[in-house]
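Read through the structure below, which is laid out as structure tokens, and then see the notes.
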Amino acid sequence: MPNPALLQSLLPHTPIRVLEETASTNLDARRWLQDGAAHGSLVAADRQTAGRGRLGRSFASADGGLYMSVVIKSDLPAGVLTTLCAVAVRRAIKKLTGKNADIKWVNDLQIDGKKICGILCEGVWQGDRPLGVIAGIGLNICQREFPEALRDIAASLYPDGHSPVESARFCAAIWQEIFGLLPEAPGHMEEYRLACVTLGRRVYWENAAGRHAGIARDVDDTGALIIDTAEGTVALAAGEVSVRPFDD
Ligand code: BTN
């Protein structure tokens, strides 16, 4: 698990909980926030038994990855925080490994077209009062294998199973980048756009109104994807787009 003593020494003023295994660090951080966790509080684990992904999906969370959630007390919309976390993780990876990750709108980091990190920002409320946001990050560091369904689309930073960088260092670097970028938000958006491989691509998506296609032209400062379609320009605030056409 992320070495607790090392992690605490790298982030001396941060309230930290480190777990070998948990259901979901996002759920742990949510409960902690409801019990009064401070801005910046961090939960990190080695594996999750019920990792949560976007759009109600699960997130594969086996040994070899880093699963972390941070408490952010901020009024910024989820789209801004998600893009900010993506830039933060990208910077941390570059600093610690020298590798350049691409961002796939809105919350995925990829290397060579394969997902190495997912981000899930969830708002927490007490009645009608917002308490804060839990930013959950799952980083594939050195898993050698993924479940069958993910084999072609997921990868880890060190697929041979040996990471020269301790997971506590990734965790601390990501935390530091997030809280370094926050005061300047949405100042991170230019960096996000430069790293976003979705821009300039033809994208396909489906919603209650049917199937759509268009060219992804921009990401605005709220994190929405701006797409030019035959019917006009649309701004997608959430959801998912694919660069692969529909099968039928
Ligand atoms: C996605 O790609 O759909 C988002 C995945 C987010 C996964 C992280 S792992 C740490 C935190 N705890 C969770 O249960 N989910 C997030």
Looking at segment 110-125, is at least one residue open to solvent by less than 10 Å² (accessible area, probe 1.4 Å) and over 28 Å from Leu6 (Cβ atoms)?
-> yes
Residue satisfying condition, being aliphatic (A, V, I, L, M) and either in contact (Cβ under 8 Å) with a residue 60 or more places away in the chain or surrounded by 13 or more Cβ atoms within 10 Å (Cβ to Cβ) (or both), within set Ala44, Ala50 | Ala44
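Could we say that Leu139 is open to solvent by 30 Å² or more (accessible area, probe 1.4 Å), under 21 Å from Arg54 (Cβ atoms) and in contact (Cβ under 8 Å) with a residue 12 or more places away in the chain here?
Details: open to solvent by 30 Å² or more (accessible area, probe 1.4 Å): no; under 21 Å from Arg54 (Cβ atoms): yes; in contact (Cβ under 8 Å) with a residue 12 or more places away in the chain: yes.
In short, no.
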Quick one: would you say Leu55 is surrounded by 15 or more Cβ atoms within 10 Å (Cβ to Cβ) and outside any loop (DSSP other than H, G, I, E, B)?
-> no
Residue list for segment 111-150, filter: of a type in the set (Asp, Glu) and more than 14 Å from the ligand (Cβ to nearest atom) = Asp112, Asp128, Glu145, Glu148
Restricting attention to segment 164-187, which residues are crowded, with 18+ Cβ neighbours inside 10 Å and β-branched (Val, Ile, Thr)?
-> Ile174, Ile178
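In the set Gly223, Gly161, which member is open to solvent by less than 50 Å² (accessible area, probe 1.4 Å), out of contact with any strand residue (DSSP E or B) (no Cβ under 8 Å at 6 or more places or on another chain) and under 21 Å from Gly53 (Cα atoms)?
Details: Gly161 fails: under 21 Å from Gly53 (Cα atoms).
Answer to the selection: Gly223.
Count, please, the residues in segment 42-94 that happen to be among the small types (Gly, Ala, Ser), within 10 Å of the ligand (Cβ to nearest atom) and under 19 Å from Tyr158 (Cα atoms). Break it down into steps so the answer makes sense when it comes.
In the first step, residues of segment 42-94 are kept if they are among the small types (Gly, Ala, Ser); the result is 44-45, 50-51, 53, 56, 58, 60-62, 64-65, 69, 74, 78-79, 86, 88, 92.
Right, trim to within 10 Å of the ligand (Cβ to nearest atom) and you get 44-45, 50-51, 53, 56, 58, 60-61, 65, 69.
Then keep just the ones that are under 19 Å from Tyr158 (Cα atoms); that gives 45, 60-61, 65.
Of the residues in segment 42-94, 4 are among the small types (Gly, Ala, Ser), within 10 Å of the ligand (Cβ to nearest atom) and under 19 Å from Tyr158 (Cα atoms).
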Is there any pair linking a residue in segment 9-28 that is more than 12 Å from the ligand (Cβ to nearest atom) and modelled with pLDDT of 95 or more to one that is open to solvent by 50 Å² or more (accessible area, probe 1.4 Å) and polar (S, T, N, Q), with Cβ under 6 Å and at least six apart or on different chains, and which?
-> Ile16/Gln8
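Residues in segment 226-239 that are part of a loop (DSSP other than H, G, I, E, B) and either farther than 30 Å from Ile178 by Cβ or out of contact with any strand residue (DSSP E or B) (no Cβ under 7 Å at 6 or more places or on another chain) (or both): how many? I'd like the intermediate steps shown before the answer.
Filtering segment 226-239 down to residues part of a loop (DSSP other than H, G, I, E, B) leaves 230-231, 237-239.
After this cut, where a residue has to be either farther than 30 Å from Ile178 by Cβ or out of contact with any strand residue (DSSP E or B) (no Cβ under 7 Å at 6 or more places or on another chain) (or both) as well, the list is 230-231, 237-238.
Residues meeting the conditions: 4.
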Could you tell me which of the residues Glu206, Glu190 is part of a strand (DSSP E or B) and open to solvent by 20 Å² or more (accessible area, probe 1.4 Å)?
-> Glu206
Qualifying positions in segment 75-113 - within 17 Å of Ala185 (Cα to Cα) and among the hydroxyl-bearing types (Ser, Thr, Tyr) = Thr82, Thr83
The condition from (1) open to solvent by less than 80 Å² (accessible area, probe 1.4 Å); (2) within 14 Å of the ligand (Cβ to nearest atom) that Ile153 misses is numbered (1)
Any residue at all in segment 45-58 that is touching a Phe, Trp or Tyr at 6+ places or on another chain (Cβ under 9 Å), assigned by TED's automatic domain parsing to the domain that holds Gly187 and of a type in the set (Ser, Thr, Tyr)?
-> no
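With the structure loaded, tell me whether Leu76 is under 26 Å from Asp218 (Cα atoms) and open to solvent by 10 Å² or more (accessible area, probe 1.4 Å) or whether it fails that test. Please lay out each step first, then the result.
Numbers: under 26 Å from Asp218 (Cα atoms): yes; open to solvent by 10 Å² or more (accessible area, probe 1.4 Å): yes.
Against the criterion (under 26 Å from Asp218 (Cα atoms) and open to solvent by 10 Å² or more (accessible area, probe 1.4 Å)), Leu76 qualifies.
Among the candidates Ala44, Ala29, which residue alone is in contact with a strand residue (DSSP E or B) (Cβ under 9 Å, 6 or more places away or on another chain), among the small types (Gly, Ala, Ser) and in a strand (DSSP E or B)? Don't jump to the end; show me each part of the working.
Numbers: Ala29 fails: in a strand (DSSP E or B).
After applying the criteria, what remains is Ala44.
The values are calculated or read from the model by the stated rules, or taken from the named source; none is laboratory data. A quick note: this is a predicted structure, and the numbers were derived from the prediction, not measured. Glycine also receives a Cβ, built like all others from the backbone with ideal geometry; neighbour counts cover every protein chain displayed. Surface accessibility is based on the protein's heavy atoms, side chains included, excluding ligands, DNA and RNA. Shrake-Rupley method; radii C 1.70, N 1.55, O 1.52, S 1.80 Å.
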